[in-house]
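Taking it in order: structure first as structure tokens, then the write-up.
The values are calculated or read from the model by the stated rules, or taken from the named source; none is laboratory data. Please read these numbers as outputs of a predicted model, since none were measured by experiment. Don't worry about glycine lacking a Cβ; one is built from the backbone with ideal geometry, like all the others, and counts go over all protein chains shown. Note: areas computed on protein heavy atoms with side chains; ligands, DNA, RNA excluded. Shrake-Rupley method; radii C 1.70, N 1.55, O 1.52, S 1.80 Å.
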Amino acid sequence: MQEYQGIVRVRHAGLDLAVSAEALDTVTGELVEYGATAQLWPDVSEWTMTVRVPSLWDVAAVAGRAVRAAYEKAGHSASVVRVDAWNVTEWEQARGLSD
């Protein structure tokens with residue numbers, strides 16, 4: 001397994017996690033194993049999370065499913081709009097080259 005950092009953007013009509021503490025607690029609780037952090041807007045959220053999967057191609061499926069399941073656990077639906085991902089080790093090595 002390799003470690004990837006991913007950003008998952010989701011849409012969730014009629015839900016603003018910034019003002020819904022109970023839903024936010026449930027969603028973040030479900031994503032705690034991924035070390036997830038979020039940026040929140042009405043109807044849209046971006047989750048930055050660490051995913052351990054065999055390849056880059058697996059990040060969107062695993063991270064997307066985890067985020068959708070977290071919203072379902074909170075009683076809301078969410079649609080994954082976009083997933084960006086990168087290999088953590090390669091990113092750190094590339095940063096070292098530019099220093």
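Answer yes if at least one residue in the stretch 60-70 is open to solvent by 60 Å² or more (accessible area, probe 1.4 Å), at pLDDT 95 or above and in contact with a Ser or Thr (Cβ under 9 Å, 6 or more places away or on another chain), and no otherwise.
First pass over the stretch 60-70, keeping only residues open to solvent by 60 Å² or more (accessible area, probe 1.4 Å): 65, 68.
If we keep only those that are at pLDDT 95 or above too, we end up with 65, 68.
Checking which are in contact with a Ser or Thr (Cβ under 9 Å, 6 or more places away or on another chain) leaves us with 68.
Yes, because at least one residue in the stretch 60-70 is open to solvent by 60 Å² or more (accessible area, probe 1.4 Å), at pLDDT 95 or above and in contact with a Ser or Thr (Cβ under 9 Å, 6 or more places away or on another chain).
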Legend entry - Residues of the stretch 71-99 satisfying the condition of being aliphatic (A, V, I, L, M) and either open to solvent by less than 90 Å² (accessible area, probe 1.4 Å) or within 23 Å of LEU15 (Cα to Cα) (or both): ALA74, ALA78, VAL80, VAL81, VAL83, ALA85, VAL88, ALA94
